[in-house]
Structure formats: structure tokens, C-alpha cells
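Following: one structure in C-alpha cells, then a few remarks.
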Amino acid sequence: MGKRFIIIGGDAAGMSAATQIRRLKPDAEILAFEKGSTLSYAQCGLPYYIAGVVPEAKDLVARTPEQFREKYGIQVFIRHEVIKIDADERRVTVRALDEGSEEKFSYDTLLIATGGHAIFPNWEGRELNGVFPLKDIEDSYRIKKWLQAEMVEKVVIIGGGYIGLEMAEAFHLLKKEVTVLDLAPQLAGTFDPEMALLAKEELERNGIKVALEEEVTSFRGERGRVIGVETKRGFYPADLVLVAIGILPNSELAKEAGIELGIKGAIRVNERMETSMPGIYAAGDCATQYHRIKEQEDYIPLGTTANKQGRVAGTNMGGGEARFAGVVGSAIMKVLDMAMGRTGLSEKEAKGLGIPYEIVSIRSRDHAHYYPHAERLHLKLLYHRENRKLLGAQVVGRHGVDKRIDVLATALYHGMTIDQLQELDLSYAPPFNSVWDPVQQASTVARKI
Ligand code: FAD
């Protein structure tokens, strides 16, 4: 028998690592413990499942426990929670949630891939029926059940980040009366205010109400059921409330085991995904990432990163050699008929880091203006005032946002200057682009500055 590998957490990071270990170590014993009842599914698809765009939850599942067992020889244990890591003894204590029993398992190498949890403040009334976070598939079942069983007309979403905005669209598609509340003076906090304003306008154009600078104080209920949200300024009636104000890492197990934590309490990892404790790795939403533009540790919990970090961890655990190159802060979201993409630094981030920058903002079209259905594209670039290296980009529009933001993310990754963007050999035909892509149009404007 080969070495024993234990994985805590059976989703993106954990199962990417497990399958990678199997590729490298055909004879290894691999055990994965997942406290929920589903593993290896696309959390990113949950808003679309709730909206009914994705008809069934099983459509989100990449692989079942049986497939992991039969195809990969990975022993998966669902409804099994790891409650303790004993790093000195190289053992974990696992609680079988249905039986209530506990058992200790020894390991040679351990991966912590416990993900994150939704921030859910201790507001009065948070235990009322009809108040939900959305972090995992079980949350989506609860929300769907509530929608089916109750007469839900009014929905209040607390938080206008990407989950809040995707869920605003989901509830809108379900014909609910939706209000989005945010403490900040803008929605989509990772975007600059003038770009975020486009999201607000898109919501309002579709009849979704937005209330900014609203500080929630409590939930009001009747007979155990939520009837609205109290803020410092008013009251918002609701039959369902979604709390979507951010994610924090599940790092308590690691902390208790004496493993070093980093920014926002995430498990500090190096580029091989090793923690401060020999033989223990971490990956995904529970771990830190290196931000290539900020040149420092960051915490941006996203599925793309979880998959990559899981693969890197699995490769190194399995005796290979891999390094996680870091993130540049790329993200994209759909807000009704609009897409919003960002990469690199926002103005607020550049200011916070004391980086001298210039901006160029243009309004262009996603393809040749004479070809039917050309749509407005808003593009904003930040670049370093002295060395003219690209620092960040934000793109908002109805079509073609994804390709521009990915070109810009690639340029950022490779440290390109704003001027070099003009030299890129980008594809063109009238239905897809103009002869000068909007990215290059912005570069031209910057050259003139
Ligand atoms: P998770 O997927 O959270 O998995 C961790 C697992 O560990 C969980 O299943 C949990 O039950 C289990 N676990 C925790 N503690 C224990 C324990 N002690 N014992 C056993 N098991 C344990 N990302 C994008 O890039 N793009 C998107 O569009 C996007 N949309 C999203 C939409 C929503 C609604 C949500 C919630 C997330 C979205 N994300 C998106 C983020 C993405 O889903 C996460 O970054 C990704 O799932 C993280 O993977 P992970 O494996 O690190 O953590």
C-alpha cells in the first residue's frame, strides 16, 4: 500500500487535488471527507439553478461519489465532518454526521480545502424563517423550498456584490419584486463608482429597486417568519431575505492545529500550496493567494482559483512539481442583459497601495457600428504613470465584455504596457469587432495623453 492522503472538503479545490494525486500516484490511498451531502458541484451555478435557468441540481454536479470511487479509486465520505487536525500525530478526527460516531484517521499528507462561509452578522431576527445566505447547494435547496411553499412576492437582497446581483436577476426572472440594499454608496464594490453605476441603472431599468448607504439593523418577523428588513433609515417589507455580504475562509480547524493564517484569516500558503505545517497543504476559498499586481498576499475567493490551487496542491502532494502563479483579480458577472468584467486594480486599490496611475475611459461599440446590433461598450483602463504598465481594467456592456476583459487579464499577467496593447494582433470581422478593438482604441487615447 502506498501513502495515505486525506482531503478535507469535497468540492472544487479538494476534488481537483484528489484526482491529481491519483494521476501521479496510482497506488496511493486517498480519502476525502465532505460534511455536506453533495460533492464536486458548481457553486457558481447556484443562482441559475434557483432561477430555473439550470433545471436540476444534478446538472451542477461534476462527479458523484460513486464515480470518484469507481473511476478514480478515491474513497469519498459524504456527511463526514473533520473536527480536529492533530498535526503532531498526523491524524484527523472525523465525525460521521448521521451516525454521530467519531473516528481517527492517520495521514501522510493532508489537504485542507474547507472553502469559505457566508458572512451572516448577528442581526436581531437572523433566525427567522425566510432569511437565507447562499454559499452551498443546501442553501439553494432551502431557498427553492421556501419559494415553492410560501407566497413570496417581495424579496430583499442585502449586499450588491456579485452573488447579490446574480440573485437579483434570479428573483427578477421568478417575477418577484426585488430590492437590493447596500451599505456602500455603490453596488459592485470591486468596480469603480462610474462603472458600478451602470449596474444600478440596469437593475432599475428592469424594475429592481436599489437602496444604497442603507445600514441593516435587524429583521422584523411575525410568527417566526420574516416580514421585512429594518435599516437605520427605514423598513423594507420582504417575504424572503437573502444575505449576500461576502465570504470568509473556513480556517478554524487550521488555526486550532497551529497553522499560520494570513489576510482575512485565510490559511497562509506558499506558491506550492504548502501551509506553515509540514505535510499539510491548503487550497481554494480557505486559502490565501498571491496577487501579481499588488505584489502581496490577497483573499479573492473564486472558483477559477480554487480549481487551479487544488490542482497545484495535488501535483505537489503527489510528488510532482507545480507552482500557483497567483491572481490578477479577474472576475466577470452577468447583471440581467449586461456583463461586467474587471481585472487588476480598481482606482481605490491603486490609491490604497500608493501606486501613481493614469486612467483612460472610452465608450465604444462591441463590433462594427454598421453591422446590426452593435452595442455600447464601456471600457476603463488604469496604467502606471511612470512605466506605463497596465494596472487594471473594467469593461461593461451587453456583448463582448468577456473577450475584452480576458485579453486585458492576459496583458496584465504578462506585464504589458498600455502602449503595447495597440500592437496586439486581435481578430476582426464586422460582426465581432471594429478594425481597432476597443482595447486598442483605449490604448490610442492613452498614447495621446
Ligand atoms: P467550497 O466549494 O466551499 O468547498 C468546500 C467544501 O468543504 C464544502 O463542500 C464544505 O461543506 C466542506 N467542508 C468545510 N469544512 C469541512 C470539514 N470540517 N469537514 C468536511 N468538509 C468540510 N466563482 C467564480 O469564479 N465565478 C463565479 O461566477 C462564481 N459564482 C459563485 C456564485 C455563488 C452563489 C457562490 C456561492 C460562489 C460562486 N463562486 C464563483 C465562488 C466559487 O464557487 C468558490 O470559489 C469555489 O466553490 C471554492 O471552492 P472550494 O473547494 O475552495 O470551496
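Taking the alpha-carbon centroid of each part, what is the distance from the range 49-88 to the range 371-428 in angstrom? One Cα centre to the other: 37 Å. With both labels modelled 7 Å from their Cα along Cα-to-Cβ, the GLU252 to GLU103 distance reads 2.4 nm.
With charges set only on the Cβ (+1 for Lys and Arg, -1 for Asp and Glu), what does the dipole of the range 38-95 come to about its Cα centre, in debye to the nearest 20? Walk me through the numbers before you get to the answer.
Values: 9 positive and 8 negative charges, 20 e Å.
Result for the range 38-95 is approximately 100 debye, rounded to the nearest 20.
For THR417, the amide hydrogen comes within under 5 Å of the amide hydrogens of LEU390, counting only partners 5 or more places away or on other chains and with H modelled in the peptide plane.
When the chain is treated as a GNM, springs tying every alpha-carbon pair under 10 Å, which of PHE77, PHE219, PHE432 comes out with the largest mean-square fluctuation? Of PHE77, PHE219, PHE432, the most mobile in the Gaussian network model is PHE432. Among LEU382, LEU212, LEU39, the residue with the largest mean-square fluctuation in a Gaussian network model of the chain, with springs joining Cα atoms closer than 10 Å, is LEU212.
For a quick protection proxy, order the peptides 43-55, 95-107 by their average other-Cβ count within 10 Å, most packed first. Numbers along the way, then the final one.
Numbers: 43-55: 18.2, 95-107: 12.8.
Result, highest mean first: 43-55, 95-107.
Can you compute the FRET efficiency between ASP337 and THR444 using 1/(1 + (r/R0)^6), with r the Cβ-Cβ distance and R0 = 41 Å? Round to the nearest 0.05.
Calculated transfer efficiency: 0.90.
Karplus-based coupling profile of the range 377-383, in residue order and whole Hz: 10, 9, 9, 10, 10, 10, 9, with θ = phi - 60° in 6.51 cos²θ - 1.76 cosθ + 1.60 and x standing for Gly or Pro.
What net charge is computed for the residues neighbouring LEU382, neighbours being all others with C-beta under 12 Å from the C-beta of LEU382, Lys and Arg scored +1, Asp and Glu -1? All intermediate terms of the calculation are to be shown ahead of the outcome.
Numbers: positive: ARG342, LYS348, LYS351, LYS380, ARG385, ARG388, LYS389; negative: ASP192, GLU347, GLU349, GLU358.
Charge balance in the 12 Å sphere: +3.
Here the range 223-288 is treated with +1 on each Lys and Arg Cβ and -1 on each Asp and Glu Cβ, and its dipole about the Cα centre works out to around 380 debye.
Of LEU426, LEU147, LEU165, the residue with the greatest mean-square motion in the GNM of the chain, using alpha carbon springs below 10 Å, is LEU426. Rounded if a/c is under 1.5, else prolate if a/b beats b/c, else oblate: with a ≥ b ≥ c from the C-alpha gyration tensor eigenvalues square-rooted, which is the chain? Verdict is oblate for the chain. With 23 Å as the limit, the listed pairs LYS144/LYS176; LYS25/LYS84; LYS389/LYS448; LYS308/LYS389; LYS35/LYS144 have LYS25/LYS84; LYS308/LYS389 beyond it between alpha carbons. Compared with the direct C-alpha span, the chain from TYR428 to ALA368 gains 20.7 nm at full extension, assuming 0.36 nm per residue.
Taking every DSSP helix (H) stretch of at least 4 residues in the chain, weighting each as -39,500 (n - 2.57) and dividing the sum by the residue count yields a mean residue ellipticity at 222 nm of -7500 deg cm²/dmol.
In a fully extended conformation the segment linking ILE119 and ALA96 would gain 5.7 nm over its present Cα-Cα distance, using 0.36 nm per residue.
Neighbours of HIS399 by Cβ distance under 11 Å: Lys/Arg scored +1, Asp/Glu scored -1, total +1.
Rule-based calculations on the coordinates, nothing more; no lab input. Nothing here was measured: the structure is a model prediction, and the numbers come from that model. Ideal geometry is used to build each Cβ from the backbone, glycine not excepted, and the neighbour counts take in all protein chains shown.
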